[in-house]
1. I'm spelling it out carefully: the read-out is Cα extents along the principal axes in Å, the candidates are (1) 84, 67, 30; (2) 108, 48, 31; (3) 85, 58, 37, and one was derived from this structure. Which label?
2. Full-extension gain between Ala131 and Ala150, please, as 0.36 nm times their residue separation minus the C-alpha to C-alpha distance.
3. Which loop trypsin sites (Lys or Arg not before Pro) in region 37-114, with loop taken from DSSP, have no more than 15 other Cβ atoms within 10 angstrom of their Cβ?
4. Taking 0.36 nm per residue of separation and subtracting the Cα-Cα distance, what length does fully extending Ala74 through Ser17 add?
5. Quick one: ranking Phe171, Phe67 by accessible area, 1.4 Å probe, largest first, what do you get?
6. Please turn the phi angles of region 49-57 into ³J(HN,Hα) values with the Karplus equation 6.51 cos²θ - 1.76 cosθ + 1.60 (θ = phi - 60°), one per residue in order, whole Hz, x for glycine and proline.
7. State the percentage of accessible surface on the chain attributable to carbon and sulfur atoms; use a 1.4 Å probe and exclude ligands, DNA and RNA.
8. With label points built 7 Å along Cα→Cβ from the Cα atoms of Ser115 and Thr7, find their separation and express it in nm.
Amino acid sequence: MNPLAATRRRIDGWFLSRRPPSDTLALTQRNVYIVPTPAGWMLAATLLVLLVASINYQLNLGYLLTFMLAGCVAVGMHVSHATLRGLSMHLMPPEPQYAGSAAVFRVVLHNARRSARYGIGLAVRGSGHWAWCDVPAQGSETVEIAFQPARRGLHAVPPLTAETRFPLGAFRVWTVWRPASSLLVYPAPEPHPPALPAGEPLAGDASASVARAASAGEYDGVRAYRRGDPLKLVVWKKAARAQAAGSDELFSRDTQQAQRQQLWLDAQTAGLPDLEARISRLCAWVLMADRLGVDYGLRVAGQQVPPAQGEAHRRRCLEVLATCA
């Protein structure tokens, strides 16, 4: 292990531990830092050479040029620091994402002063991928920052960095922000999952036969539309997909079949030895059952979600799959 890298990580961890996590940050002189950039060090060396040459050759115009440039640098340092100082940042609650896809953090920058702030960049600390913006006077600007989580689960939002080098590029003004929000990462669904598993008969219903999937992605609780079926039984999502494919066929829920059968998505019936592969298949089945509009339950890792349907139920099942061990 590189001792320098280990020391740097310890210092970095100590520095971050001193930043209290919060989804809102107001930038003041206590949390905004400024250092010269490589161009700034080169400018300082140039000013030193000009000063030495002016002293050596007694050049009055050399003194004038040297001190005029030094004054511009001093003003630029003040303007650069003031570009971040007084700015407030607010992190919007991040939306859940699927593993393998980039999560997007939305940060709202608020500028209360009467002049605009230019050249402000935000990035996940250490990523090097910057999103730049200008914040209007007495206005707000939303910046989107991309981040790709390593795996499924509940992840803390990584530390963010805000930076500016406006106006001369001679100074880097920056701050570090530790948001308090967490990001939920769903498992990646299996690309080509098999058909939904067979339904299970309800307790006490010995006469109910086991329902089989008629085709890939189709459950027996959905049947072809019959004249006289009430509109509330029509599966409109499936009808919309059929219409997009050029068919006018309608589908209805089979209420008698639904009364005799329950669709359970169980990790034991996923048919794969690897846990992550089973969870990926269950995720694909949850999305498939939700598209069909059927009631479904979930059993995985000792947890059980009773059969239901709808957006809230789908999110609950995906959350269980994301956080199960």
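The values are calculated or read from the model by the stated rules, or taken from the named source; none is laboratory data. The model shown is predicted, which means the values in this text are computed figures rather than measured ones. In this analysis, Cβ positions are derived from the backbone assuming ideal geometry, glycine residues included, and neighbour counts consider all displayed protein chains. Note: accessible area is taken over every heavy atom of the protein model, side chains too, but ligands, DNA and RNA are not part of it. Shrake-Rupley method; radii C 1.70, N 1.55, O 1.52, S 1.80 Å.
1. Label of the calculated value: (2).
2. Working: separation 19, 0.36 × 19 = 6.84 nm, distance 2.12 nm.
Gain in length upon complete extension: 4.7 nm.
3. Values: sites: Arg85, Arg106, Arg113, Arg114; in loops: Arg85, Arg113, Arg114.
When the trypsin sites (Lys or Arg not before Pro) of region 37-114 are filtered for loop state and at most 15 Cβ neighbours within 10 Å, Arg113, Arg114 remain.
4. Numbers: separation 57, 0.36 × 57 = 20.52 nm, distance 3.26 nm.
Gain in length upon complete extension: 17.3 nm.
5. Working: Phe171 35, Phe67 130 Å².
Correct descending sequence by accessible area is Phe67, Phe171.
6. Per residue, the Karplus-derived 3J(HN,Hα) values read 5, 4, 5, 5, 5, 5, 5, 5, 9 Hz.
7. On the way: 10560 of 18120 Å².
Ligands and nucleic acids excluded, carbon and sulfur give 58 percent.
8. My value for the distance between the label points is 4.1 nm.
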